[in-house]
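Colleague: The structure under discussion is supplied below as structure tokens; questions concerning it will follow.
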Amino acid sequence: MQVKAGLFFIFAFCWITNLIMAQEMKELTPEEERVIVYKGTERPFTGAYYDFHEEGVYVCKRCGNPLFRSEDKFDSGCGWPSFDEEIPGSVKRILDSDGIRTEIVCANCGAHLGHVFEGERFTPKNTRHCVNSISLDFVAEAEAEGTVVPQGEEDQTAIFAGGCFWGVEHLLKQVPGVLSVESGYIGGDVPNPTYEQVSTGKTGHAEAVRILFDPEKVSYETLAKMFFEIHDPEQANGQGPDLGPQYRSEIFYTTPQQEEIARKLIEQLKAKGYQVVTKVTPASTFWKAEDYHQNYYTKTGKQPYCHRYTKRF
């Protein structure tokens, strides 16, 4: 059964609103201030990200709020970076002072980004966010080929397994402060497993997501709470209609502090009467899943069928 499309958007709006927190603003150069604060425009074809093609996340120059993903960037020929979709809840639209165009600003700090145009037919989404490079910073995707946790990123990495990784990835990557989310396999004995191998339930792996986050913008505890609230931690070896040990509920901690937080949250849930079956395990080698599994719901336009938000804390 499919979760109604409207449910996700209502849920996303509510928790994005609640999770955005006050952040220390970055000191701007005079030119950055001219564009970001006083709503200026950089010269076309001069920005750092106009002809730029790396994979990752574009964030607000002033507050670091994630705004756009590289997979939504396209070349419109206009001279400024163009995106046909923003990260939900990250961008606010305002009628421009000229009374004609629509300005876009960072929904977190109000920094001027550029303008949005619709109906130009550049992409199937028929939307162009025309953004000043100077209003952006870029965060590259984490390295992901058969590693435990990239060295030095232990306290910036969270690994959760809670059923089909499509839904877990889709919901957790919307949390402000999350820089990237990738789907993969962890906890098994077969090196470099394929989806076909894992789906047999015989490799020992769980479908999981590995999250790179900014600890100054979102805490591990906030992410762990959200994890417990977007899947059913009482269902053993499955999630919704997806059954098998590869769909188990499990937290793979990367630091002793993460283990402590995970176990504390489980005790809190048990005290409320929940029969939690979530395992808490040291992180082992994480194998990135095949490309077609990454950003699945963004690519297909579908909605999660076995994940939904339930307030538990």
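Colleague: Would you tally the residues in the stretch 52-87 being over 14 Å from residue 136 (Cβ atoms) and either under 20 Å from the mean Cα position of the chain (by Cα) or not polar (S, T, N, Q) (or both)?
Modeller: Summing the residues that are over 14 Å from residue 136 (Cβ atoms) and either under 20 Å from the mean Cα position of the chain (by Cα) or not polar (S, T, N, Q) (or both) in the stretch 52-87 gives 10.
Colleague: Continuing with this model, one more query. Name the residue that is surrounded by the fewest Cβ atoms within 10 Å (Cβ to Cβ), counting only residues in the stretch 88-105 that are within 28 Å of the chain's Cα centre (by Cα) and polar (S, T, N, Q).
Modeller: The qualifying residue surrounded by the fewest Cβ atoms within 10 Å (Cβ to Cβ) is 102.
Conditions tested, residue by residue: (1) charged (D, E, K, R); (2) touching a helix residue (DSSP H, G or I) at 6+ places or on another chain (Cβ under 7 Å).
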site	(1), (2)
245	no, no
248	yes, no
253	no, yes
269	no, yes
281	no, no
285	no, no
311	yes, yes
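Colleague: May I ask you to list the residues in the stretch 47-72 that are over 18 Å from residue 181 (Cβ atoms) and either surrounded by 15 or more Cβ atoms within 10 Å (Cβ to Cβ) or touching a residue at least 60 places away in the same chain (Cβ under 8 Å) (or both)? Talk me through it step by step, then tell me what you get.
Modeller: To start, the set of residues in the stretch 47-72 that are over 18 Å from residue 181 (Cβ atoms) comprises 47-53, 60-63.
Listed by number, the residues that qualify are 47, 48, 49, 50, 52, 60, 61, 62, 63.
Colleague: Looking at the stretch 153-202, which of the residues that are at pLDDT 90 or above and among the acidic types (Asp, Glu) is surrounded by the most Cβ atoms within 10 Å (Cβ to Cβ)?
Modeller: Looking at the filtered set, the residue picked out is 169.
Colleague: Do the conditions hold for residue 253, that is, is it under 25 Å from residue 56 (Cα atoms) and crowded, with 17+ Cβ neighbours inside 10 Å?
Modeller: yes
Colleague: Quick one: how many residues across the stretch 10-60 are at pLDDT below 90 and small (Gly, Ala, Ser)?
Modeller: So the answer is 3.
Colleague: Tell me, which residue of the stretch 124-152 that is at pLDDT 95 or above and hydroxyl-bearing (Ser, Thr, Tyr) is nearest to residue 299 (Cα to Cα)?
Modeller: Ranking the qualifying residues of the stretch 124-152, first place goes to 127.
Colleague: Looking at 231, 205, can you tell me which residue is touching a residue at least 12 places away in the same chain (Cβ under 8 Å) and either within 30 Å of residue 90 (Cβ to Cβ) or in the same structural domain as residue 68 (by TED's automatic domain parsing) (or both)?
Modeller: Checking each option against the conditions leaves just 231.
Here's the yes/no breakdown for (1) among the hydrophobic types (A, V, I, L, M, F, W, C); (2) within 15 Å of residue 209 (Cα to Cα); (3) outside the structural domain of residue 205 (by TED's automatic domain parsing):
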| residue | (1), (2), (3) |
| --- | --- |
| 240 | no, no, no |
| 274 | no, no, no |
| 296 | no, yes, no |
| 306 | yes, no, yes |
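Colleague: What is the one condition in (1) out of contact with any Ser or Thr (no Cβ under 7 Å at 6 or more places or on another chain); (2) within 15 Å of residue 167 (Cβ to Cβ) that residue 246 does not satisfy?
Modeller: (1)
Colleague: Out of 112, 205, report the one residue that is more than 30 Å from residue 277 (Cα to Cα) and either of a type outside the set (Asp, Glu) or modelled with pLDDT of 95 or more (or both).
Modeller: 112
Residue by residue, here is whether (1) without any contact (Cβ under 8 Å) to a residue 40 or more places away in the chain; (2) closer than 14 Å to residue 160 by Cα; (3) part of a loop (DSSP other than H, G, I, E, B); (4) of a type in the set (Lys, Arg) holds:
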{"site": "260", "(1), (2), (3), (4)": "yes, no, no, no"}
{"site": "264", "(1), (2), (3), (4)": "yes, no, no, yes"}
{"site": "274", "(1), (2), (3), (4)": "no, no, yes, no"}
{"site": "284", "(1), (2), (3), (4)": "no, yes, yes, no"}
{"site": "292", "(1), (2), (3), (4)": "yes, no, no, no"}
{"site": "305", "(1), (2), (3), (4)": "no, no, yes, no"}
{"site": "311", "(1), (2), (3), (4)": "no, no, yes, yes"}
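Colleague: Then there's this: What about residue 270, is it of a type in the set (Lys, Arg), closer than 19 Å to residue 170 by Cα and not in a loop (DSSP other than H, G, I, E, B)?
Modeller: In short, no.
This table checks each residue for (1) closer than 23 Å to residue 69 by Cβ; (2) part of a strand (DSSP E or B).
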| residue | (1), (2) |
| --- | --- |
| 155 | no, no |
| 167 | yes, no |
| 183 | yes, yes |
| 193 | no, no |
| 196 | no, no |
| 208 | yes, yes |
| 225 | no, no |
| 234 | no, no |
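The values are calculated or read from the model by the stated rules, or taken from the named source; none is laboratory data. Just so it is clear, the model here is predicted, and its values are computed rather than measured. Cβ atoms come from the backbone with ideal geometry, glycine included; neighbour counts cover every protein chain shown.
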